[in-house]
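Peer 1: First, the structure itself, so that you have it in front of you.
Each reported figure results from applying straightforward, stated rules to the coordinates on display, with no laboratory input. Small disclaimer: the values here were computed from a predicted structure and weren't measured. In this analysis, Cβ positions are derived from the backbone assuming ideal geometry, glycine residues included, and neighbour counts consider all displayed protein chains.
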Amino acid sequence: MTNHNQDTKEKERSYSPFYEKAIPVAIFVIVAVIIGVLILTFGIALGLIQPG
Amino acid sequence: MDFVTTYLPFLSSVISFIFAFFVLKRYAQRRKNHLLLWGIGMIFYGIGGFCEGYYGFFGWNDLVFRLWYLFGAILVAAWLGQGTVFLLAKKPWPTITMVLLGLGSIYGLFRVFTAELDPSLVTTSIHTGSELSGHAIVTSGVRSLTPIFNIYGTITLVGGAAWSAWIFFRKRVLLHRTIGNILIAAGALAPAFGGAGSRFGIPGALYIGELIGAILMFIGFWRATTPMKADQPEAVIAAAD
C-alpha cells in the first residue's frame, strides 16, 4: 500500500513543461556526442580517420 | 600573437582556479572524496590553461610544455572523472580505479618528463604553431597515453553527469541537480570537441573549447549545489549529496 502511494506520488511529480521537453533532448544529445567523440578518438588512434 | 592563443587560455586558467577554490572549500566542509578529486582536476585544468597562455605570450619553454602535456592533455579529464567514480560507483571500484589512475599518473609523469622534445614539430601541415600541440614529443609511446586517460575521463565524467541527470529526471526530483549535471556534461565535452577540432586544423578550437568547458562546468557545479525554489524535501537532497 505504501509502495503504491509512493509510486503514485512519483508519477504525479513533474518538472515544468519546458524542462520536461528540454532535459531528455539534452541528455540524448550528450550521449550521442559522447559516442561520436569516442568513435572519432578510436578512429584517429587506430588510423582509420586521418585528420586534415 | 592573438587573443585566442594568449588571453583566452589565461582566462580559462583563472576560471578553473576559482572553480577549484570553491570545490575544495566545499571539500573542506564535507570531506567527500569526489570533491577533493574534482578540486585537484580543476587545478590540473588551470595549470593546462596557464601553460597555453604562457606559450602564447612568451613562446616555447621545455618545462611549460611538459607541464601542459602532463596536466592539461593527459591527466585532467581522468582525475575529474575519477571524482565522479567516487560519487557514483560502489565499493571497491573507486579504490581500485584510484590505484590504477595513481599508478598511471606516475607513469605518465615519468614518460612526459623523460621524453625527447622538438619544438619545431609544433608547426605541422595543419597546425600554425600558435597553439601547443603534442606533436612536439619525439619519443614514441608518450602520446598514445593521452587517449587512454581521456577516454576513461570522458566516459566517467560526462557519462556520470549524464547518468545522474537522467536519474534525477526520471524521478522528477532536484531539478537544480538535473540542470547542473547536464551543464557539467556539456562543459566536459567542450574540450573534447575542441581537441577534435584542433586535430583537424581548426585554429583556436582547443582553447575555445577549454574556455567554454570551464565556464559551463563552473555554472553546472554552482547550479547543482544551489537548490531552486521549487525543489524537493531536504531528506532527498541529503540522500543525493
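Peer 1: Enter the Cα centre distance for the pair the stretch B:130-156 and the stretch B:87-110, rounded to the nearest angstrom.
Peer 2: Taking the Cα centre of the stretch B:87-110 as reference, the centre of the stretch B:130-156 is 18 Å away.
Peer 1: Calculate, in nm to one decimal, what residue B:110 and residue B:62 gain on full extension: separation in residues at 0.36 nm each, minus their alpha carbon distance.
Peer 2: Numbers: separation 48, 0.36 × 48 = 17.28 nm, distance 1.48 nm.
Result: 15.8 nm gained on full extension.
Peer 1: Further question: Roughly how crowded by other chains is peptide A:16-29, in terms of the mean Cβ count from those chains within 10 Å of each of its Cβ atoms? Mind dumping the intermediate values first?
Peer 2: Working: counts 2, 0, 0, 5, 2, 0, 2, 10, 4, 0, 10, 10, 2, 5.
Per-residue shielding by partner chains comes out at 4.
Peer 1: Here's another thing I want to ask about it. Other chains' Cβ within 10 Å of B:184-191 residues: what's the mean?
Peer 2: Values: counts 0, 7, 4, 0, 2, 6, 0, 0.
For this peptide, the per-residue mean of nearby foreign Cβ atoms is 2.
Peer 1: Also, I was wondering about something else. Not counting the cut sites, what is the longest span of chain B without trypsin sites (Lys or Arg not before Pro) that DSSP labels loop and that have at most 16 other Cβ atoms within 10 Å?
Peer 2: On the way: sites that count: B:31, B:32, B:90, B:229.
Free of exposed loop sites, the longest segment is B:91-228.
Peer 1: Report the number of Lys pairs in the protein assembly as shown whose alpha-carbons are under 30 Å apart, with separation of 8 or more residues or on distinct chains.
Peer 2: Summing the qualifying lysine pairs gives 21.
Peer 1: If I take R0 = 41 Å and measure r between the Cβ atoms of residue A:19 and residue B:7 in this structure, what FRET efficiency does the formula 1/(1 + (r/R0)^6) give, to the nearest 0.05? Don't skip to the end; give the middle numbers.
Peer 2: Numbers: r = 36 Å, r/R0 = 0.87.
That pair, residue A:19 with residue B:7, gives E of 0.70.
Peer 1: Could you give the length gained on full extension between residue B:171 and residue B:29, defined as 0.36 nm per residue of separation minus the Cα-Cα distance, in nm?
Peer 2: Details: separation 142, 0.36 × 142 = 51.12 nm, distance 2.82 nm.
Length gained between residue B:171 and residue B:29: 48.3 nm.
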